[in-house]
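See below for the structure under consideration.
The values are calculated or read from the model by the stated rules, or taken from the named source; none is laboratory data. Fair warning: this is a prediction, and the values are worked out from it, not measured in the lab. Cβ sites come from the backbone with ideal geometry, for glycine too, and all protein chains shown count toward neighbours.
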Amino acid sequence: MMMSIHWLWASLALAALGYFLQDLFLMKKRRGLPPGPKGLPVIGSLHLLGKNPHQDLAKLAKKHGPIMYMRFGYVPAIIVSSPEAAEKFLKTYDQVFAGRPYHEASWYIAYEQRNLTFGQYGPYWRNMRKLCILQLLSSHKINSFWPMRRQEVGTLVKSLKQAASDGAAVDLSALISSLGANMSCLMIFGQKYMDKDFDNRGFGEVIQEALHVGSTPNIGDYFPLLGVLDLQGLTRRFKALAKVFHDFFDKIIDDHLECKEQKQTKDFVDIMMEIIQSGTSAFEFDRRHVKAVLFDMLVASMGTSVTAVEWAILELLRHPAAMRKLQKELEEKVGLERIVEESDLEGLEYLDMVVKESMRLHPVGPLMLPHESIQDCTVDDFHIQKKSRIIINIYAIGRDPNVWPDPEAFIPERFKDSDIDLRGQDFRLIPFGSGRRICPGLQLGLTVVRFVLAQLVHCFSWELADNIQPTDLDMSEAFGLVNSRAKHLKVVPIYRLHK
Ligand code: HEM
C-alpha cells in the first residue's frame, strides 16, 4: 500500500515536471497562434471552464475574437465562434480539420474508435460513412420507419389525452425522452428495450450511465501521462460498459440471425448483418464494426431530436403569441378533425421557422463534436498546429450580435422570407454542423423534431403545473453529450382536437 502511494506521488510529480517543461517549450512556439486568454502553468485554461463551457467560451470569444487559442492541460485548442470563421474551418480547410481526437469511450466501446462518430478521418471512416448514409439513414429507409413513428407518437398522444381528461400534470420531459428511446430502439433493433434487462440493470439505467460517463470531463484527455493512472476511475468504467454493451449487442445480433420470420421493415441490425453475410462490403466490416455502429446510432439518435422538441415547446410556452400562431397554422393546414401526418410537414412554414429559431438559441450539441487538425495549417495568418482540438461554438454563432439582431430574443418571424437554412450551407445556422463531418442523421432528426413538435402543439394546449408563470420558467441548461434543460418540464395538457 505504502509503495503504491509513493509510486502515485512520484508519477504525479514527474508528470507535473514534464508538463512544466512543455509549457516553457510551448511559450516559445506561441508566436503566430490566434489570440486567447493567458493560461496558467500546467493546466492552461482549464480553470476558465465551468458547468456550461459553451457559455464560458462564448464570453471569452467576445474579448479575444472569433478564432481563439487556448490550451487545456496538454491539448492545444482553437475555439471558433463566428460564421465566417466556421466557414474557414468547415469548408475552406475542411479536409485538414476533419479529424477526431482520441476518445476513450469510443476507444473501448467502439473497438478502438471504429465507429463513425469518432472514427479517424481516412478511407475506413469514409467507407463507414457511405454505408451508414446509403443503407441506414437514406430517405427511403427513413420513410420505411414512418408507420413506427406514427404509432409511437400516437401512443404518447393517447396517454396525454387521458391525462388531459383527468386534468393531471405530466412530466413532459420524461415522456418525450422515453418516446425518443423507444423510436431509436425500434429503428435500430426492431424492439423496445427500455424496460428490459441489460446485465442486472435496466436498459435505461445503463444508457444513462454511458451518457454520464461519456460526458464527464476526463483528466486523461488533457494530461495523457496521467491518463494511465485512471485517477477518476473512468477507464475502469469504460471497460466495464464496453463489456455490457458488447454482450447486449451480441445477444441482439444472435437473436436476429436465429429469427426466420419475414419482416416488413428491416431494422439496422438486419441490414448490417445482411451486408456481412452477402460479402459485398467494399471494406473490412464484421461483427465488431456492426456493434460500433449500433452504439453510435443509439447514442446519437436517442436524446438529440426529442431534446430539440423540448426546447421548442419551452420557448413556445414562454411566447404564447408564437404558440397561438403555430396552432393557427396547424388548424388551417390540417384542421381539428385529424392528427398531423408526416406528409403535412412540408407545407408548415411557421413550424419551420419555430424549429430554426429554437435550434439557433438552443443547439443540442452547442460545441458540436470536437474536430482535430490532421496537419499544420495557416488560417487567417494564424498558425494552427497539427493535432489541435477544434471546437466550433455553434451556441456563440447562433447568438452572434453581428449576425442576429436582438440575438437573445425568440423571434421565429426573423426567418420569414429569409434564405437561411439549417442544413449546413449557411454558416449562420449550423445546428447539425457542416462539411465532411456534418450530421448524417440530419434528415431523420429534422423529420422527428418537426413531426413530434407539430403533433404536441396541434393536439394540445399546455398549462404549466405548480402555478409557474411562463415568464418564470427556468431555462438553465445541463451541458452534456446532449445539452438539455436542467429541470424537467411539468405541464397539464388540454386536448384540442374534435375526435
Ligand atoms: C436534432 C437532431 C440532431 C442534431 C441537432 C444533431 C447534431 C449533430 C452535430 C452537431 C454533429 C457533429 C458534427 C461535426 O462534428 O462536425 C453530429 C454528428 C453526428 N450525428 Fe447527429 N444530430 C441529430 C440527430 C442525429 C440522428 C437522429 C442520428 C442517427 C440516427 C445522428 C447521427 C450522427 C452521427 C453518426 C454523427 C457523427 C458523424 C461523423 O463524425 O462523421 N444524429 N450530429
Within region 366-455, strands (runs of 3 or more DSSP E) holding 1 or more residues that are within 15 Å of the ligand (Cβ to nearest atom) = 389-392
Would you pick out the residues in region 344-364 that are at pLDDT below 95 and either in contact with a Pro (Cβ under 6 Å, 6 or more places away or on another chain) or within 11 Å of the ligand (Cβ to nearest atom) (or both)?
-> none
Does any residue of region 460-477 turn out to be under 24 Å from the mean Cα position of the chain (by Cα), under 16 Å from His362 (Cα atoms) and within 16 Å of the ligand (Cβ to nearest atom)?
-> yes
Here the residues within region 276-309 that are within 16 Å of His246 (Cα to Cα) and not hydrophobic (A, V, I, L, M, F, W, C) are Asp286, Arg287, Arg288, His289, Lys291, Asp296
Could you look through region 277-294, keep only residues that are more than 15 Å from Asp267 (Cβ to Cβ) and among the hydrophobic types (A, V, I, L, M, F, W, C), and pick out the one that is nearest to the ligand (Cβ to nearest atom)?
-> Ala292
Tell me, please, whether a residue that is part of a helix (DSSP H, G or I), exposed (fewer than 15 other Cβ atoms within 10 Å of the Cβ) and free of Cβ contacts under 8 Å to residues at least 60 places away in the same chain can be found in region 188-202.
-> no
Determine whether Glu342 is without any contact (Cβ under 8 Å) to a residue 60 or more places away in the chain, farther than 30 Å from Lys386 by Cα and of a type in the set (Asp, Glu).
-> no
Scanning region 85-143 for residues that are within 14 Å of the ligand (Cβ to nearest atom) and on the phi > 0 side of the Ramachandran plot, the one surrounded by the fewest Cβ atoms within 10 Å (Cβ to Cβ) turns out to be Gly122
Which of (1) at pLDDT below 95; (2) of a type outside the set (S, T, N, Q); (3) buried (at least 16 other Cβ atoms within 10 Å of the Cβ) does Val293 not meet, given it meets every other one?
-> (1)
Whichever residue in region 295-320 is more than 22 Å from Val354 (Cβ to Cβ) and hydrophobic (A, V, I, L, M, F, W, C) and, among such residues, is farthest from the ligand (Cβ to nearest atom) | Phe295
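Just wondering, is there one or more residues in region 342-365 that are in contact with a His (Cβ under 7 Å, 6 or more places away or on another chain) and either within 14 Å of Ala454 (Cα to Cα) or not hydrophobic (A, V, I, L, M, F, W, C) (or both)?
No; the residues of region 342-365 include none that is in contact with a His (Cβ under 7 Å, 6 or more places away or on another chain) and either within 14 Å of Ala454 (Cα to Cα) or not hydrophobic (A, V, I, L, M, F, W, C) (or both).
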Please enumerate the residues belonging to region 166-187 that are assigned to a helix (DSSP H, G or I), closer than 30 Å to Asp466 by Cβ and in contact (Cβ under 8 Å) with a residue 12 or more places away in the chain.
-> Leu172, Ser173, Ala174, Leu175, Ile176, Ser177, Ser178, Leu179, Gly180, Ala181, Asn182, Met183
Residue satisfying condition, being at pLDDT 95 or above and out of contact with any strand residue (DSSP E or B) (no Cβ under 8 Å at 6 or more places or on another chain), within set Ala300, Ala308, Ala240, Ala282 | Ala308
Across region 415-446, what is the number of residues that are surrounded by 20 or more Cβ atoms within 10 Å (Cβ to Cβ) and of a type in the set (Val, Ile, Thr)?
-> 1
Could you please give the count of residues in region 44-84 that are within 16 Å of the ligand (Cβ to nearest atom), part of a helix (DSSP H, G or I) and under 22 Å from His383 (Cβ atoms)?
-> 1
Collect the residues in region 180-193 that are among the aliphatic types (A, V, I, L, M) and either under 17 Å from Met273 (Cα atoms) or modelled with pLDDT of 95 or more (or both), keeping them in residue-number order.
-> Met183, Leu186, Met187, Ile188
Cβ pairs under 7 Å, 6+ apart or interchain, first in region 403-424 and on the phi > 0 side of the Ramachandran plot and modelled with pLDDT of 95 or more, second β-branched (Val, Ile, Thr) and part of a loop (DSSP other than H, G, I, E, B), ordered by first then second residue, are Gly424/Ile430; Gly424/Ile438
Could you grab me the full set of residues in region 475-499 that are more than 18 Å from Ile176 (Cβ to Cβ) and either of a type in the set (Gly, Ala, Ser) or without any contact (Cβ under 8 Å) to a residue 60 or more places away in the chain (or both)?
-> Ser476
Only one of these conditions is not met by Phe97: (1) under 24 Å from Pro34 (Cβ atoms); (2) part of a helix (DSSP H, G or I); (3) hydrophobic (A, V, I, L, M, F, W, C). Which number is it?
-> (2)
Qualifying residues in region 456-482 (those that are assigned to a loop (DSSP other than H, G, I, E, B) and farther than 15 Å from Glu315 by Cα) - the one modelled with the highest pLDDT = Ala465
Region 267-276 - residue that is of a type in the set (A, V, I, L, M) and closer than 15 Å to Met128 by Cβ and, of those, farthest from the ligand (Cβ to nearest atom) | Ile276
